[in-house]
Structures are given as C-alpha cells and as structure tokens.
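Peer 1: For reference, the structure I am asking about is given below.
The values are calculated or read from the model by the stated rules, or taken from the named source; none is laboratory data. Note that this is a predicted model, so its numbers are computed, not measured. For neighbour counting, all protein chains shown are included, and Cβ atoms are generated from backbone atoms with ideal geometry for every residue, glycine included.
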Amino acid sequence: MAPPAIVNTPIKPLLAFALMGTAVLCFSLVDATAKWLTQGYDPWVIVSVSRVVPIAVAMTLAFRETGNALNFYTAFPKIQILRAALTIPMIWCFFTGLKLMPLAEAITIAFAAPLFITMLSRPILGEKIGRRRWSAVAIGFAGILVALRPGFGGLGIGPILVIISAFAYALSMVLLRRFAGQEPTRNILFYSAIGAFLVGGVNAVPVWVEPSAVDWGLLLLVGVWGVFGSYAVIRAYRLGEASMLAPLEYTALIWSIIFDLWLFSLTPVLAVLLGAAIVIASNVYIAHREHALSKTAAQ
C-alpha cells in the first residue's frame, strides 16, 4: 500500500490509527479469502468475479458525481491503460502464489513492494535516492532471500509469482504518483479493475466451475474487502502522517500467521519470520528517512 494524494485535513492520530488498522485487516481478509477459494477455483475465476465490486463502486461514484455512470474520462489515458494492464499480473500472480504457499510467506515476500517503489522512483519520477536508502533497499532484499531460503527447497514458482506481483504493484503505485491529486477516485478504481475483469473473464471461461451460493458470496467479498481497505487507507492518510501510519502495514504479517494457523493449519517457518523482520526494519527505515527528508525540504 502506498499513501494517496493528501489534502489539507486536521490531524486525528487515533482515528487515523484505527482506520489504518482496519485497512490492513481488510486486505488480510482479501488474502485469506482468496487463498481459501483457490482450493476449489482457478485464480482466474477469483480475479474476474472479485473485480465486479470495484467496478460497481466506480460506476456508482461516477453517477453520483456526474450523473453518468459511464463517465470515466481521463486526462492520462496511457498511464491508466498501463496501470490496468499491470493489475492483471499483480492480482493473478499473487492469488496463484497464495495457492502454492503459506499466507505468512507470501506476505513477507510481498513486503518487497516498498523496496521496488523506492528503486523505481529514481528512473520514473526522477527522485533522488541517497546512499542510506539504497543500503536499506539492499538489506531489505537480503531479508527476502532469507525468507525464500534458496537452496533449501524454499524457492519455487509460488514465491517467484509473488515477487512478480510485488513488482507490478510497485510500478503501478509509482505511476499513480504521476497524476496524484489530478484524477478522481472513480477513475483510479475503474481502470485498475476493468483490465483484470476483462482478461480474467476470458481466461476463466475454460476453467469455470459453478460456485455454490456461499462461494459466490466469498468471491464477491474479496472485492468488498478490497474496496473497504482502499477507502480506509485513503481516510487514514488524510487524517495522519505517513511516517506514523506506514509501520502499521506490517501487522499484516500477524494476521497472516493467525489465518494460516486457523484456516490452513500451517505454522510459519523460522527463516520466514527472520526474513520478515529484516524486510520490515528496512522498509520502516526507508519510510522514516523519506519523512525526514520531506520535512527538511518543507522547512
């Protein structure tokens, strides 16, 4: 997750903390529900059906704001199309990775996304990245290697897919910064979902299995949790400082361990926890350093 464009809103730290914690729980429920569904359904089915919810929300916002449910005019068509394309590997690779590995391990590897964001900010946004942050990025990737355990049976197709997903997410978020504050939320929701819905739908046809009533609800809940989580993140970053909220993202590891134990009877490997600690420490330092630099620049 990355902070959206900020508007001037009074700081309310307790409410911001609560919203950020809620957002992390919602995204963790997305992961746990998707992993549960991969036991009976192809990931393409989950991708396509779950995207119905954000598309419906985007159309509702468009109707309320413009009177036209199909008004998704954008001044940044190329970037929006590229982000829509990136959403496809981002979601499919992650859901497929979840099918092949424990939640806690997938979440730990997904923590590589902020490291990729830092790396991509230099060539795409022209941001200057100092030696301290480059060092933190290198240490973070060392933590990923610890969690992957190459040479000890830990590096398979699942972790590779999650790394691809993390890179696609990072690239999408860096591109989002190109028009931060200049695009309505409905456009961001719509274009992020429509590509995955269309491509996912086409690929879901040959592997389609008719879901039960309960599973229809779970498939749609994946989208509901995602929309609620996104809304909570936006509200949290409007009410609190990014440096204060960013560390809360890593409580996702706690939720993933709980869901692994409760739903899948899986216990985390010590190397994964050690690698997670290294990656989290690296990401927290990067967030702290960026906050310090932005504060100095503002002064």
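Peer 1: Among the residues of region 291-299, is there at least one that is in contact with a helix residue (DSSP H, G or I) (Cβ under 8 Å, 6 or more places away or on another chain) and basic (Lys, Arg)?
Peer 2: First pass over region 291-299, keeping only residues in contact with a helix residue (DSSP H, G or I) (Cβ under 8 Å, 6 or more places away or on another chain): 291.
Cutting the leftovers down to basic (Lys, Arg) gives us none.
Scanning region 291-299 turns up no residue that is in contact with a helix residue (DSSP H, G or I) (Cβ under 8 Å, 6 or more places away or on another chain) and basic (Lys, Arg).
Peer 1: Out of THR118, THR60, I need the residue that is under 21 Å from the mean Cα position of the chain (by Cα), part of a helix (DSSP H, G or I) and of a type in the set (S, T, N, Q). Which one?
Peer 2: Values: THR60 fails: under 21 Å from the mean Cα position of the chain (by Cα).
Result: THR118 is the single residue among THR118, THR60 that is under 21 Å from the mean Cα position of the chain (by Cα), part of a helix (DSSP H, G or I) and of a type in the set (S, T, N, Q).
Peer 1: Any residue that is more than 17 Å from SER230 (Cβ to Cβ) and among the hydroxyl-bearing types (Ser, Thr, Tyr) - is there at least one of those in region 16-24? Spell out how you get there, then give the answer.
Peer 2: From region 16-24, those more than 17 Å from SER230 (Cβ to Cβ) are 17; that's our starting set.
Restricting the remaining residues to those that are among the hydroxyl-bearing types (Ser, Thr, Tyr) gives none.
No, every residue in region 16-24 fails to be more than 17 Å from SER230 (Cβ to Cβ) and among the hydroxyl-bearing types (Ser, Thr, Tyr).
Okay, residues lined up against (1) touching a strand residue (DSSP E or B) at 6+ places or on another chain (Cβ under 8 Å); (2) more than 26 Å from SER256 (Cβ to Cβ); (3) surrounded by fewer than 14 Cβ atoms within 10 Å (Cβ to Cβ); (4) at pLDDT below 85:
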residue: ALA112; (1), (2), (3), (4): no, no, no, no
residue: PHE116; (1), (2), (3), (4): no, no, no, no
residue: GLY126; (1), (2), (3), (4): no, yes, yes, yes
residue: GLY143; (1), (2), (3), (4): no, no, no, no
residue: ARG149; (1), (2), (3), (4): no, no, no, yes
residue: GLY153; (1), (2), (3), (4): no, no, yes, yes
residue: GLY158; (1), (2), (3), (4): no, no, no, no
residue: ALA170; (1), (2), (3), (4): no, no, no, no
residue: ARG177; (1), (2), (3), (4): no, yes, no, yes
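Peer 1: Additional query: Which one of these is polar (S, T, N, Q) and over 17 Å from PRO54 (Cβ atoms): SER230, SER192, SER256?
Peer 2: Numbers: SER230 fails: over 17 Å from PRO54 (Cβ atoms); SER192 fails: over 17 Å from PRO54 (Cβ atoms).
It is SER256.
Peer 1: If you don't mind, another one. I'm trying to understand the selection: among the residues of region 170-218, which are touching a residue at least 24 places away in the same chain (Cβ under 8 Å), assigned to a helix (DSSP H, G or I) and small (Gly, Ala, Ser)?
Peer 2: Once the filter is applied, which keeps residues that are touching a residue at least 24 places away in the same chain (Cβ under 8 Å), assigned to a helix (DSSP H, G or I) and small (Gly, Ala, Ser), region 170-218 yields ALA170, SER172, SER192, ALA193, GLY195, ALA196, GLY200, GLY201, ALA204.
Peer 1: Given the condition out of contact with any helix residue (DSSP H, G or I) (no Cβ under 7 Å at 6 or more places or on another chain), assigned to a loop (DSSP other than H, G, I, E, B) and either closer than 30 Å to ALA213 by Cβ or at pLDDT 95 or above (or both), answer yes or no: does some residue in region 24-39 qualify? Break it down stepwise before answering.
Peer 2: So the first thing to find is which residues in region 24-39 are out of contact with any helix residue (DSSP H, G or I) (no Cβ under 7 Å at 6 or more places or on another chain), and the list is 39.
Cutting the leftovers down to assigned to a loop (DSSP other than H, G, I, E, B) gives us 39.
Checking which are either closer than 30 Å to ALA213 by Cβ or at pLDDT 95 or above (or both) leaves us with 39.
Checked region 24-39: at least one residue is out of contact with any helix residue (DSSP H, G or I) (no Cβ under 7 Å at 6 or more places or on another chain), assigned to a loop (DSSP other than H, G, I, E, B) and either closer than 30 Å to ALA213 by Cβ or at pLDDT 95 or above (or both).
Peer 1: Select from region 32-79 the residues that are of a type in the set (D, E, K, R) and either out of contact with any Leu (no Cβ under 6 Å at 6 or more places or on another chain) or closer than 16 Å to ALA193 by Cβ (or both) and list them in ascending order. First the steps, then the outcome.
Peer 2: Narrowing region 32-79 to residues of a type in the set (D, E, K, R): 35, 42, 51, 64-65, 78.
Listed by number, the residues that qualify are ASP42, ARG51, ARG64, GLU65, LYS78.
Peer 1: Do we have any residue at all in region 253-274 that's of a type in the set (S, T, N, Q) and either modelled with pLDDT under 85 or in a helix (DSSP H, G or I) (or both)? Full working, then the answer.
Peer 2: Within region 253-274, the first condition is being of a type in the set (S, T, N, Q), and the residues that meet it are 256, 265, 267.
Adding the requirement that they be either modelled with pLDDT under 85 or in a helix (DSSP H, G or I) (or both) leaves 256.
Yes, that holds for at least one residue.
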